[in-house]
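Q: The structure's right below; bear with me while I get my questions together.
The values are calculated or read from the model by the stated rules, or taken from the named source; none is laboratory data. The shown structure was predicted, so the numbers you read here are calculated from the model rather than taken from an experiment. Quick reminder, even Gly has a Cβ in these numbers, built from the backbone with ideal geometry, and neighbours come from all protein chains shown. Quick note on the areas: whole protein, heavy atoms, side chains included, nothing else; ligands and nucleic acids left out. Shrake-Rupley method; radii C 1.70, N 1.55, O 1.52, S 1.80 Å.
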Amino acid sequence: MTTHFVAHVDQIEEGKPIIIEVQGRSVGVYSINGEYYALHNYCPHAGAPICKGLVVGTALPSEVYEYEFGRLGEIVRCPWHGWEFEIKTGLALHDPNVRVKSYPVVVENGEIGVVF
Ligand code: FES
C-alpha cells in the first residue's frame, strides 16, 4: 500500500469533489465536515464516472405520509441512472451489498493522501 498525495485541503470544497488520476485509477476526493474521503470513479451498476454525479442528500426513514430530507452533502448520485451512494463508505443506499470502491485517506501537513 502506498500513500499518493493528490491535493491540498484548500483545493477541495464541500460538495465539489476533485477527480484525479493516480497510477491509472480515476479517484474522486470529497470533503464532508472537514473530513476527506476517496471513491473510485466507477459506478458498479454500468461503469459511469460516479464522481461526476451530484453531491446531494436523501430521504430519511420516517412515518407513513411524512417525508424527511437529510444527510445533505453525504450522498453522491450517479449521473447515468441515479443510483445513490454514501460518500463516506461507498455503500449503495438501495442495497448495502453494492458499493463503489472507497480508499483510505490521510492528511499530513494539509496534504491529502489516498492510500492503495
Ligand atoms: S451507471 Fe451508475 S446507476 Fe447506472
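Q: Applying the selection to region 56-83, what residues are under 22 Å from Arg25 (Cβ atoms), open to solvent by 20 Å² or more (accessible area, probe 1.4 Å) and either touching a Cys at 6+ places or on another chain (Cβ under 8 Å) or modelled with pLDDT under 95 (or both)?
A: Within region 56-83, Trp80, Trp83 meet the criteria.
Q: Suppose we keep only residues that are touching a Ser or Thr at 6+ places or on another chain (Cβ under 8 Å) and acidic (Asp, Glu) within region 1-55. Which one would you say is surrounded by the most Cβ atoms within 10 Å (Cβ to Cβ)?
A: Per the stated criteria, the residue is Glu14.
Q: In region 86-95, what residues are farther than 18 Å from Gly70 by Cβ and surrounded by fewer than 19 Cβ atoms within 10 Å (Cβ to Cβ)? If you could, list the steps in order and put the result at the bottom.
A: Step one: filter region 86-95 for residues farther than 18 Å from Gly70 by Cβ, giving 90, 95.
Selection gives Asp95 alone.
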